[in-house]
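The values are calculated or read from the model by the stated rules, or taken from the named source; none is laboratory data. Nothing here was measured: the structure is a model prediction, and the numbers come from that model. With ideal geometry, Cβ positions are generated from the backbone for all residues, glycine too; neighbour counts draw on all protein chains shown. For the accessible areas, the whole protein counts, side chains as well, though only heavy atoms, and no ligand, DNA or RNA atoms are used. Shrake-Rupley method; radii C 1.70, N 1.55, O 1.52, S 1.80 Å.
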Amino acid sequence: QVQLVESGGGLVQAGGSLRLSCTASGTFAMGWFRQAPGKEREFVGSISRSGGGTNYADSVKGRFTISRDNAKNTVYLQMNSLQPEDTGVYYCAAKGWSTSDYEYDYWGQGTQVTVSS
């Protein structure tokens, strides 16, 4: 059973930054998704098992960066230039690379990110 534990959410003003962490019980290709109130869950980005490949949604390209430390089995989502539309619950997911949430087998508990204007 794969376990994922997220941390790092919070409240930040527009233009600010946050870093989310997701610690897994092993080393896997990972994805980040988010869900705003009343909206469907959407793909944010993903990272390969080695960390050599990343993929981002157009809405976050140039502002968000995914990285990983395999010695710690931890994947990071660095979020810069945050905007109110980035508000939502952020989830990490394993094992996958896809932009489609149904292709991931395991999910973290989610962490709230709120960006005030």
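Counting charges near S100 (Lys, Arg +1; Asp, Glu -1) among other residues having Cβ under 14 Å from its Cβ returns a value of -3.
How big is the charge dipole of the chain about its Cα centre, in debye rounded to the nearest 20, if each Lys and Arg gets +1 on its Cβ and each Asp and Glu gets -1 on its Cβ? Computed about the Cα centre, the dipole is about 280 debye. Its Kirkwood hydrodynamic radius, worked out from the mean inverse distance over all distinct Cα pairs, puts the range 1-111 at 13.7 Å. Going Cα to Cα from K72, which lysines come in below 27 Å? Please leave out same-chain ones fewer than 8 positions away. Result set, ordered by chain and number: K61, K95. Applying both filters, DSSP loop and at most 16 other Cβ atoms within 10 Å, to the GluC sites (Glu not before Pro) of the range 1-56 gives E40. Near V44: Cβ cut-off under 14 Å, other residues only, Lys/Arg at +1 and Asp/Glu at -1. The net charge is -1. Sequence-distant contacts, meaning Cα pairs under 8 Å at least 6 residues apart, place the relative contact order of the range 1-99 at 36 percent. In this structure L11 has an accessible area near 130 Å², from a 1.4 Å probe over the protein heavy atoms.
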